[in-house]
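For reference, the structure I am asking about is given below.
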Amino acid sequence: MDIDISFAEAMLRRGAGLLQAEAGEASDPFAVLARLLAAAAATDAPPVVLSEGGSHPALFDEASRRAVEPLPARLAGLAAIRQGERATMYEFDGTGPLTGNRIVAALLRPDERADLLHVYIAIGRLRGGEAQITVPPALLRFDAAALGQTLGLLGDAVSRSPNAATAALAHAAAILPMEGHEQGSMPAALLDLYWHGLTLASVRADGGLATMTPEGSA
């Protein structure tokens, strides 16, 4: 296992190399994601990279605690997500069937709206300093403002009905498969990671954690 570079940093390095080369890997979903992140780093401020086991363990501990709460209890926090940066990457260890993998939840703000995010999940390992994926990534488009508006319309029904909570979240989110997922259903583990990535973002935006210093960037 490589210890001198993180999975997120290896992704950024690969993307930087692809930006300098001709577009020969456009059909590779991991290359597409790596190039998006590298482009964000090249045109805006470097992506914020926050890693589990770094200097902010409370962020990941609190996200894990919230992740086991019922969905209705988590919706208000998800609706309050705001991201000032062009891109933020949360890196953490996989658990359960994903044990042994390193996971990056990359949240990109596609425009000037801080409440609209594109969420990518990269699952893989480092081999010889190179990031290799083990599950093809896909894209989740999440509109926190739309979720907040829906919660306002539904009122107390959200807290009383898991179905209402699920419907509110579905209205605010759309999963757009990338290459590798077109013909099949999304793995349940990948779906869970989307919500975990957004939960990390909601924790960071809560209680002043939005100004925390990143562990690193590339």
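The values are calculated or read from the model by the stated rules, or taken from the named source; none is laboratory data. All figures in this text were calculated on a predicted structure; none of them were measured in a lab. Ideal geometry is used to build each Cβ from the backbone, glycine not excepted, and the neighbour counts take in all protein chains shown.
List every residue pair whose Cβ atoms lie under 9 Å apart, where the two residues are 6 or more positions apart in sequence or sit on different chains, the first residue falls within the range 1-25 and is of a type in the set (Ser, Thr, Tyr), and the second residue, located anywhere, is at pLDDT below 60 and not in a loop (DSSP other than H, G, I, E, B).
SER6/GLY216
Residue by residue through the range 51-76, note down the ones that are in a loop (DSSP other than H, G, I, E, B) and of a type outside the set (S, T, N, Q).
Within the range 51-76, GLU52, GLY53, GLY54, HIS56, VAL68, GLU69, PRO70 qualify.
Which residue is farthest from PHE30 (Cα to Cα), if the candidates are limited to the range 111-126 and must be more than 16 Å from the chain's Cα centre (by Cα) and among the acidic types (Asp, Glu)?
The qualifying residue farthest from PHE30 (Cα to Cα) is GLU112.
Checking THR150 against (1) β-branched (Val, Ile, Thr); (2) in contact with a strand residue (DSSP E or B) (Cβ under 9 Å, 6 or more places away or on another chain); (3) over 14 Å from MET11 (Cα atoms): exactly one of these is not met. Which one?
THR150 satisfies all of (1) β-branched (Val, Ile, Thr); (2) in contact with a strand residue (DSSP E or B) (Cβ under 9 Å, 6 or more places away or on another chain); (3) over 14 Å from MET11 (Cα atoms) except (2).
Can you confirm whether THR213 is modelled with pLDDT of 90 or more and closer than 26 Å to ARG65 by Cβ?
No: the conditions fail for THR213.
Condition (residue is in contact with a helix residue (DSSP H, G or I) (Cβ under 9 Å, 6 or more places away or on another chain), of a type in the set (Gly, Ala, Ser) and modelled with pLDDT under 60) applied to the range 180-187: is it met by at least one residue?
There is at least one residue in the range 180-187 that is in contact with a helix residue (DSSP H, G or I) (Cβ under 9 Å, 6 or more places away or on another chain), of a type in the set (Gly, Ala, Ser) and modelled with pLDDT under 60.
Could I ask something else about it? Kindly evaluate THR166 against the criterion of being within 15 Å of LEU71 (Cβ to Cβ), loosely packed, with under 15 Cβ neighbours inside 10 Å and modelled with pLDDT of 90 or more.
Here the answer is yes, as THR166 does meet what is asked.
Restricting to the range 77-96, and then to whatever is of a type in the set (A, V, I, L, M) and under 30 Å from ARG160 (Cβ atoms), can you tell me which residue is surrounded by the most Cβ atoms within 10 Å (Cβ to Cβ)?
ILE81
Further question on the same structure: With the requirement that a residue be within 14 Å of GLY197 (Cβ to Cβ), among the basic types (Lys, Arg) and without any contact (Cβ under 8 Å) to a residue 60 or more places away in the chain, what does the range 70-111 give you?
Correct list: ARG109 only.
Let me ask something else. Scan the range 59-76 and tell me whether some residue there is exposed (fewer than 13 other Cβ atoms within 10 Å of the Cβ), out of contact with any Phe, Trp or Tyr (no Cβ under 8 Å at 6 or more places or on another chain) and farther than 30 Å from ARG160 by Cα.
No: the range 59-76 contains no residue that is exposed (fewer than 13 other Cβ atoms within 10 Å of the Cβ), out of contact with any Phe, Trp or Tyr (no Cβ under 8 Å at 6 or more places or on another chain) and farther than 30 Å from ARG160 by Cα.
Now for a separate question. When you scan the range 77-97, how many residues do you find that are in a helix (DSSP H, G or I) and either among the charged types (D, E, K, R) or within 18 Å of the chain's Cα centre (by Cα) (or both)?
3
Another question about this same structure. Going through the range 43-58 one residue at a time, which ones are surrounded by fewer than 16 Cβ atoms within 10 Å (Cβ to Cβ) and under 14 Å from VAL203 (Cα atoms)?
Across the range 43-58, the qualifying residues are PRO57, ALA58.
Continuing with the same structure: Please tell me if GLU85 is of a type in the set (Asp, Glu) and either closer than 23 Å to ALA170 by Cα or touching a Phe, Trp or Tyr at 6+ places or on another chain (Cβ under 9 Å) (or both).
Against the criterion (of a type in the set (Asp, Glu) and either closer than 23 Å to ALA170 by Cα or touching a Phe, Trp or Tyr at 6+ places or on another chain (Cβ under 9 Å) (or both)), GLU85 does not qualify.
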